[in-house]
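For reference, the structure is listed below as structure tokens.
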Amino acid sequence: MKHLLACVGAMALAGACGVSGEANKALAAMNLATGDGELVKYASKNGSGDKVTLKDVTIGPDGDGLNAGTMVLEGLSMNDAGEPVVTGITLSDVTPAEETPGVQLNVATITFTGLDEVTGAYLAKTFKDGESVEPPPFEQWVIGSASIEGLSVVGDMEAMGQGGGSFNLTLDEVSLSDLENEVAGRFGWNGFKGTFNVPPEAAGYEVDGSFDFGTLEIGGLQGGTFADAFSSGMASMMSPGAVTDPAVGLPPSPIDPGFNQLDWSGMNINAAGLMLTASEMSSRAERNGDGVVTAVDSPRASLKLAIDPENPGTLGSQAQMFMGMLGFTELELYAESKGTFDPETDTTRYETANIGITDAVDVSLTGGFQGLNDVLRSVMASGAAQQPDMSGLASLKIVDMELVIDDNSLMSKIFNLAPMFVGQDAATFRADLVSQVSALSQDMAAAGVDPTISEELSAAIANFIQQPGVLRFKLDPETPVSFANPEGPLTKESLGFVAEYEAN
């Protein structure tokens with residue numbers, strides 16, 4: 001009988017017999033001891049030890065926020081500073097507390113687990129003080145896992161007052177895990193897809209469509225890099241005259257992608273017969289013992305714009321007409337890259353840097369460069385200035401370089417548009433442009449360029465314009481050369497310069 005009475009008394013504070021005293025203190029400090037707090041309200045609670053489950057929960061002042069069927073708080077305790085701490089929070093069956101006409105939003109679960117004392121104390125205090133709580137520095141955040149699962153958004157645009165139409169979005173999961181020292185072990189999503197319909201009265205013609213962003217997995221996400229860059233950018237936007245550190249947000253390696261590995265299944269978007277498709281994409285970065293990226297390999301991936309053959313639709317038909325003018329039945333852009341960075345010599349080397357348009361043009365760059373970090377830092381330091389700061393180019397040196405442009409049909413496709421845009425037939429426009437480029441040789445020589453360079457360069461470009469082929473530029477100096485601060489005259493011999501053209 002005494003035990004029963006004790007349990008009944010405990011339920012007044014904890015909702016269930018067995019909740020620890022530390023947990024009860026934490027609930028009180030979070031203003032959750034009863035269900036009528038200013039920020040959080042609930043119908044009932046139960047639990048044991050350091051774990052408490054709240055039922056029929058509303059989070060947000062004055063009923064403006066979220067409803068949850070349950071909210072589970074784990075690892076409830078008090079730290080040495082007398083602050084409440086929670087190591088895990090799970091919200092289930094989440095919906096907006098205030099309905100928006102025409103919109104139904106549901107989330108199966110929102111979860112935070114594996115919180116350390118600093119992160120757990122911050123989140124615990126937000127339940128009492130809300131937005132007034134100052135978050136700890138990002139480098140102190142530790143999260144085992146944070147996720148949103150089972151997101152569904154259904155919209156009736158007529159009920160929203162937008163005339164008509166609808167949309168439906170689902171997301172199976174978006175999550176982040178193992179965040180510590182500003183690095184997340186994993187970030188990704190899956191099942192991110194939806195459909196939409198825009199009626200003729202809203203867009204001028206009906207737009208039916210769907211999208212699927214596939215599955216994304218990013219490992220070793222460098223959260224600090226993005227957080228610093230975001231903070232610096234916001235500060236520059238809010239105070240354009242403020243002096244910002246150009247190095248903020250920039251990693252020590254110019255080829256650092258901000259992660260260690262990336263795998264994306266690609267995406268598909270179809271809007272009124274216009275299809276945009278991204279292929280599978282992957283990338284890998286290698287870091288040395290100091291965490292500096294020394295190598296990156298991103299195999300070829302592509303982005304394709306095409307027309308739905310079964311249902312061209314209005315957008316598809318318009319795009320088909322535009323691409324037909326250019327001589328394309330579809331447009332496919334592709335890219336790949338592979339590079340290294342030597343922090344000892346500040347040398348960036350591109351073994352492969354390739355972009356192109358299928359069956360039109362291919363551009364590839366290989367070579368080594370020193371001082372790329374200074375260029376990036378000066379440009380980033382420009383902030384909100386209208387003109388970018390290119391002072392970092394003074395530090396840029398070319399170790400060697402080869403640029404190859406292979407024109408399969410792009411120049412011809414562009415010249416075929418001449419009658420429409422410049423009032424000349426393609427042959428006349430091409431001939432005029434060849435003459436202008438050829439004449440540049442004398443202008444460059446007059447400006448101080450080595451005549452052998454200007455003649456060879458203009459001749460190669462003129463031939464490239466005249467007939468589809470391969471244009472190749474090479475620089476192979478005996479020592480790294482700076483164009484901004486050359487140590488001597490820039491001659492064909494000192495630069496190891498070659499410009500050549502080969503017809504297809």
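How far apart, in nanometres, would the label points at residue 181 and residue 113 be if each is projected 7 angstrom from Cα along the Cα-to-Cβ direction?
2.4
Sort 478, 351 by accessible area with a 1.4 Å probe, largest first.
Descending order: 478, 351.
Using the alpha carbon gyration tensor of region 249-304, what are the three equivalent-ellipsoid semi-axes (square root of 5 times each eigenvalue), largest first, in whole Å?
Numbers: eigenvalues 196, 23, 13 Å².
Equivalent ellipsoid semi-axes, largest first: 31, 11, 8 Å.
Just how much of residue 255 is accessible, in Å², when a 1.4 Å probe is used and the result is rounded to the nearest 10?
Counting only protein heavy atoms, residue 255 exposes about 20 Å² to solvent.
Which pairs, out of 304/413; 41/125; 193/338; 413/492; 55/193, put more than 22 Å between their alpha-carbon atoms?
193/338; 413/492; 55/193
Taking the alpha carbon gyration tensor of region 382-491, what are the square roots of 5 times its eigenvalues, largest first, to the nearest whole Å?
After diagonalising the Cα gyration tensor, the semi-axes are 31, 20, 15 Å.
Set the Förster radius R0 to 22 Å, insert the Cβ-Cβ distance between residue 420 and residue 359 as r into 1/(1 + (r/R0)^6), and round the FRET efficiency to 0.05.
0.50
Across the chain, where is the longest run that never hits chymotrypsin sites (Phe, Trp or Tyr not before Pro) in a DSSP loop with at most 16 other C-beta atoms within 10 Å? Walk me through the numbers before you get to the answer.
On the way: sites that count: 205, 483.
Excluding the exposed sites themselves, the longest stretch runs over 206-482.
Using a 1.4 angstrom probe with every protein chain in place, what is the largest-first accessible-area order of 92, 175, 132?
The most accessible residue leads, giving 132, 92, 175.
So if I take the alpha carbon set of the chain, get Rg, then get Rh from the Kirkwood formula, what is the Rg over Rh ratio? Kindly include the intermediate steps, with their values, before the conclusion.
Numbers: Rg = 30.6 Å, Rh = 28.2 Å.
Reported Rg/Rh, Kirkwood definition of Rh: 1.08.
Testing the spin-label approximation: label points 7 Å from Cα along Cα→Cβ at residue 297 and residue 500. State their distance in nm.
3.0
With r as the distance between the Cβ atoms of residue 147 and residue 106 and R0 = 22 Å, compute the FRET efficiency 1/(1 + (r/R0)^6) and round to 0.05.
Once the sixth-power term is evaluated, E becomes 0.90.
Membrane-span-like helices in the chain: DSSP H runs reaching 30 Å or more (Cα, own axis), mean Kyte hydropathy at least 0.0?
Qualifying helices: 426-446.
Multiplying the sequence separation of residue 402 and residue 263 by 0.36 nm and subtracting their Cα-Cα distance, what value in nm do you get?
Numbers: separation 139, 0.36 × 139 = 50.04 nm, distance 2.99 nm.
In short, 47.1 nm is gained.
Could you estimate the translational diffusion coefficient of region 45-177 from the Stokes-Einstein equation, with Rh from the Kirkwood formula over C-alpha pairs, at 10 °C and 1.306 mPa s, in whole µm²/s?
Details: Rh = 16.4 Å.
It comes out at roughly 97 µm²/s.
Once you place label points 7 Å from the Cα toward the Cβ at residue 379 and residue 44, how far apart are they in nm?
My value for the distance between the label points is 6.2 nm.
The values are calculated or read from the model by the stated rules, or taken from the named source; none is laboratory data. Because the structure is predicted, anything quoted here is derived from the model rather than measured. So basically every Cβ, Gly included, is an ideal-geometry build from the backbone, and we count neighbours across all protein chains shown. Only protein heavy atoms, including side chains, enter the accessible area calculation; ligands, DNA and RNA are left aside. Shrake-Rupley method; radii C 1.70, N 1.55, O 1.52, S 1.80 Å.
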